[in-house]
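The values are calculated or read from the model by the stated rules, or taken from the named source; none is laboratory data. As the structure is a prediction and not an experimental result, all values here were calculated from the model. Methodologically, a virtual Cβ is constructed for each residue, glycine included, from the backbone with ideal geometry; neighbour enumeration extends over all protein chains shown. Note: areas computed on protein heavy atoms with side chains; ligands, DNA, RNA excluded. Shrake-Rupley method; radii C 1.70, N 1.55, O 1.52, S 1.80 Å.
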Amino acid sequence: MKRTTLALIASAMMASCAPSYRDVIIPQPQVVETVKGSCPHDAEPAVTIDSSMEHGPESYELTIGKKGITIKAGGEAGAFYAQQSLDQLRKAYEGRLPAVKITDWPRFRYRGCHIDVSRHFWGKEVILKQIDMFARLKLNRIHLHLTDGAGWRMQIDAYPLLTQRAAFRSKSDIYEWEAENLPYCNEGDPDAYGGYYTKDDLREIIAYADSLHMIVIPEIEMFGHSNEVTAVYPQVGCKKDGTRCSVFCVGKEETFHFLETVLDEVMEVFPSEYIHIGGDEASKYYWKACPDCQARIRKEHLDGEDGLQSYGIKRMDEYVRSKGRKIIGWDEILEGGLAPGAVVMSWRGEEGGREAAAAGHEVIMTPSVFCYLDAVQNNPEHEPLGFGGMLPLPKIYSYDPAPAEMPGKEYVMGVQTSLWTEMIEKASHLEYMLYPRVFALSEIAWTDPGRKDYDSFYRRALDMSDTARELGYNVFDQRNADLAPEGYDQVFKHLAYGCKVEYLTPFHEKYVKHGGDETALTDGLIGGYSFKDRWQGYLNSDVSVIIDLGKPTTVSSVSSRFLQFRSIEVMHPEAIVIETSSDKEHFEKVCEISNELDWENRNYTYKKFEWKADSPVETRYIRFTGKINDRRWGWILLDEIMVN
Ligand code: ACM
Ligand code: ZN
């Protein structure tokens, strides 16, 4: 055999030993070209920065080939992201690295995660640890909700009581503390629960984030969610008797002096171009009763309390802009007219963000149904208490913050997940709620929608979960995900299936099931794990309906399932009454089931109530009543009335 032939065989054998590229990186890179060959696992990359690269400073090209590894990046951030991709490849391959050329850039310039550090205070180490993981995922913003009624978390030299007292409360459990009417404590009191970041702590967090190409966005909440401020500085609230209230008084100049002074100190510590000023859920109740607020409305010819809110936000916008920065606010800042320089953070849905984008304002999307991580990610019966329905991994992955048909989509700066912590007290729980869902956020924020593929992502998310666990994070195991109850995909063709339901008590428009039509409770579909998924709701009332079976029918059982989720005021019924009739005038009670309510249980519980006839009965009509609790308070939710 000739030497050249031998050499060819040898090189072919080497090529066949080379690993082939498979998807491992989160977020999925924009362009991956596989090439033949491989390079040693520990080859050091040669890095060049080329600021003329088309996709800007966060973009990069990572080439792994026979000659080694090269990184070309549009800026330092791009080089850092190339290194993250390389690290993930190194983790995935034990031997040689497969040859590949990755050309990559982010879809959005704002890729963030919000953490509520007020409801429970998360020390510096907890935040630094999450920054580490966020950076691996190529996120570039962390938004800290630094102030809220549950505790003020930033040292402000001009107003020391904000940290000496407003940062501490008497109980760790928010709900127990609220039930006791929000007692704040002094730092150092034996039971004081809370804490705050000193300016040095914050500078350390900011510097660390900066070293990983991440910006920390501070949020100072105004004009609502501010009980902790008015508890220690009542002069900036609306009450005249020196007691606290949940809002700042927008009528008083003193309030603006206070807020501007606070923001001066915030801007001195945080270099971020964007300063979040909250703006959500400010109660109008106190403003309506406050002479100063009402005088402001008259003097400035404002359109009521919405106009007052808008006036206040516009003043803050002007102030922050005069310092060369910009404000971000939750989407309520649209009410009464948006301040000219404000960025809208759309949370109640996508509508606020869409409206602002269509009008040419920058927006950040974090609609709660897709992005609020305080919702559970799994069958809620087996999860720690969560908020607001269910947000499983596939749902967040499915979200597109700026779909092609959206007017003004170019104004969508990006997307973030938001983690509120009313129900989260331990760092391990915080991480459990973050991961792996933040992996999905990373991909929807970075990767173009055409490159998304859930099956591929799922495999990569499992690998990334393992990596995160090795690094000491507490990650929900997606392999154990139980996302829908048994029978969820089935249509139950029971005897009342498709039969007409007459509503003796009206259901609420918020929980309609099946479009709210007259067969909603007989459509054969059971409710999902989330209260938002196929449940019909009644507010402060019984549920009472008559089902018309269409003709005399032999019936041996009637059942229905109810949901209880005390945290959002959904309770089981206190009793179920089932009656039969052949003419819809004369009803005979065949069953009454009483139910002792468990008021202490705040978590999801499903309960099936069933009547089984001793011997089958003939009936055409069934009147089904679920009785509300004797407080006549809250919601009743049921999914289907099954007749067999
Ligand atoms: C919010 O969730 N209240 C912004
Ligand atoms: Zn007022």
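Could you work out the percent of alpha carbon pairs in the chain separated by over 43 Å, rounded to a whole number? Everything past 43 Å amounts to 35 percent. Here region 286-441 is treated as an ellipsoid with the same Cα gyration tensor; its semi-axes, largest first and in whole Å, are 33, 20, 13.
Applying the Kirkwood pairwise sum to the alpha-carbon positions of region 77-204 produces a hydrodynamic radius of 17.4 angstrom.
Summarising the strand pairing of the chain, around 65 percent of its internal DSSP beta bridges are antiparallel. Apolar share of the accessible surface for region 52-165: 49 percent from carbon plus sulfur atoms, 1.4 Å probe.
Per-residue surface analysis assigns ASP466 an accessible area of about 60 Å², computed on protein heavy atoms at 1.4 Å probe radius. Rounded to two decimals, the Cα-based Rg/Rh of region 200-248, with Kirkwood Rh, is 1.27. Per the Debye formula on identical point scatterers at the alpha carbon atoms of region 370-468, with no solvent, log10 I(q)/I(0) at q = 0.10, 0.19, 0.21, 0.24 Å⁻¹ is -0.29, -0.96, -1.11, -1.31. Which whole-angstrom value gives the distance between the alpha carbon centres of region 215-239 and region 70-111? If you average the Cα positions of each part, the centres end up 42 Å apart. A compact globular protein would have a Cα radius of gyration near 2.2 N^0.38 Å; the ratio found for region 267-367 is 1.10.
At the listed q of 0.09, 0.11, 0.19, 0.21 Å⁻¹, the Debye profile of region 407-542, built from one uniform point per Cα, gives log10 I(q)/I(0) equal to -0.48, -0.68, -1.10, -1.18.
What the phi angles of region 531-540 give under the Karplus curve with 6.51, -1.76 and 1.60, with θ = phi - 60°, is a coupling list of 5, 8, 10, 6, 10, 9, x, 10, 9, 6 Hz, glycine and proline written as x.
The ellipsoid equivalent to the alpha-carbon distribution of region 502-594 has semi-axes of 24, 16, 13 angstrom, derived from the gyration tensor eigenvalues as √(5λ) and listed largest first.
Shown here are the Rg and Dmax of the Cα trace of region 478-542, at 13.3, 44 Å. In the chain, helical runs assigned H by DSSP with n ≥ 4 each contribute -39500 (n - 2.57); averaged across all residues and rounded to the nearest 500, the mean residue ellipticity at 222 nm is -8000 deg cm²/dmol. Of ASN629, SER246, MET433, which is farthest on the positive side of the dipole of the chain, counting Cα position, with +1 on Lys and Arg Cβ, -1 on Asp and Glu Cβ, and the Cα centre as origin? Going by the charge dipole, the pick is MET433.
What separates the Cα centres of region 361-383 and region 576-644 is a distance of 33 Å. Placing +1 on each Lys and Arg Cβ and -1 on each Asp and Glu Cβ, with no other charges, gives the chain a dipole about its Cα centre of roughly 1800 debye. The solvent-accessible area of ASP482, taken with every protein chain present and a 1.4 Å probe, is close to 50 Å². Computed on the chain, with alpha-carbon pairs under 8 angstrom and 6+ residues apart, the relative contact order is 10 percent. The charge dipole of region 177-236, taken about its Cα centre with unit charges on the Cβ atoms of Lys, Arg (+1), Asp and Glu (-1) only, comes to about 240 debye. For region 27-185, the Cβ-based charge dipole about the Cα centre amounts to some 380 debye (Lys, Arg positive; Asp, Glu negative; other atoms uncharged). Of GLU405, GLU569, GLU281, the residue with the largest accessible area leads and the full order is GLU405, GLU281, GLU569 (1.4 Å probe). With point charges of +1 on the Cβ of Lys and Arg and -1 on the Cβ of Asp and Glu, referenced to the Cα centre of the chain, which listed residue (PRO234, PHE492, THR163) lies farthest in the positive direction of the dipole? Highest projection toward the positive end goes to PHE492. With 28 Å as the limit on Cα-Cα distance, the pairs of LYS129/LYS409; LYS129/LYS510; LYS36/LYS452; LYS500/LYS532 that go past it are LYS129/LYS409; LYS129/LYS510.
Quote the accessible area belonging to GLU61 in square angstrom, nearest 10, computed with a 1.4 Å probe and with ligands, DNA and RNA left uncounted. The accessible area of GLU61 comes to roughly 50 Å². Farthest toward the positive end of the dipole of region 48-132, out of SER118, SER59, ALA82, is the Cα of ALA82, where the dipole comes from beta carbon charges about the Cα centre. Rounded to the nearest whole Hz, the Karplus-based 3J(HN,Hα) values (6.51 cos²θ - 1.76 cosθ + 1.60, θ = phi - 60°) of region 547-557 follow the sequence 9, 9, 6, x, 7, x, 9, 7, 10, 10, 7, with x at glycine and proline.
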